[in-house]
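**Q** The structure follows.
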Amino acid sequence: MPAPSPSPATTPTPTRTRASAPSRVPKAAGGRFGPVALVVAAGVSVQFGAALAVMIMPRAGAAGVVTLRLAAAALVLLVVCRPKVRGYTRADWGTVVAFGVAMAGMNGLFYQSIDRIPLGPAVTLEVLGPLALSVIVSRRLVNLLWAALALGGVVLLSGHGGGGLGFGSLDPLGAAFAVGAGAMWAAYIVFSARTGRRFPQADGLALAMAVAAVLSLPLGVIQAGSALLVPSTLALGLGVALLSSVLPYTLELLALRRLPAPTFAILMSLEPAIAATAGFLVLHQAMSLLDALAIALVIAASMGAVRAQKP
């Protein structure tokens, strides 16, 4: 994710959205910790959705699951939001297309990663992208300190999460896919915030999801073919789409209208902890005491980032 300019990245506000947009944002987003609750809820949803996706990969493959997830999510959002396509500038469309490209890249690379390495280490490597973003765009020294603490927890979890698997035992290609997904995750954060300011409600998200679905469709068809049309696979793909795309992306878009991007990026350090929990509950991956310590570090860093947020 490329570093944004200081103004949009550090002070996202709803002032550039249409006048009707802020009034329809849930009340939970109004206070200091409201956006944080949205981000945490989004993280829980997306990681349990990822665990479900791992279970259906044998049916459709990684690219097939990505296609099902994005296509189903795009259809749901387009029907629910019915976004308008007129009245936007070339810059608006450029932003929403970039958001869609980032979303397609983030999902495609991540699912290729978890097809090769366990969920916990994959998310641990992926979260390095948002952490790097927080260091690049932050203007406050305290955010650098919280990022360092979060990184310490991430590194600790990487060595022992997912049943004791460290980086040294991971498939190199799977690890590389996870790092690439982290870079696209950083781009997702930047363009999600910009899209939320340029488009009302979740209209921009719906349009960007359609872009991501179109980009992923050829790869999914090539890998999975007719397996994408099996009713049970379609049903599971819809569940993954709702848990991993529709719900979390909508919550994060709303949160980014009220939460500075550096704080949001540090909150992303919670993702390895959530992934380890999802792996334990759904995929039966063991957790150790060191895993618990790592989780405590990233939670402490996230809480510190919120408390350090400017009013």
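**Q** Once the whole set of protein chains is in place, how much accessible area is left on Val142, using a 1.4 Å probe, in Å² to the nearest 10?
**A** 40
**Q** Please calculate the 1.4 Å probe accessible area of Thr89, with all protein chains present, and give it to the nearest 10 Å².
**A** Here the residue's solvent-accessible area equals roughly 70 Å².
**Q** Which peptide among 82-88, 42-48, 180-186 comes first, and what is the full order, when sorted by highest mean count of other Cβ atoms within 10 Å?
**A** Ranking, from highest mean packing down: 180-186, 42-48, 82-88.
The values are calculated or read from the model by the stated rules, or taken from the named source; none is laboratory data. Computed from a prediction, not measured in an experiment: that's the story for all the values here. As a convention, Cβ positions derive from the backbone with ideal geometry for all residues, glycine included, and neighbour counts pool all protein chains shown. What goes into the accessible areas is simple: the full protein's heavy atoms, side chains included, and nothing from ligands, DNA or RNA. Shrake-Rupley method; radii C 1.70, N 1.55, O 1.52, S 1.80 Å.
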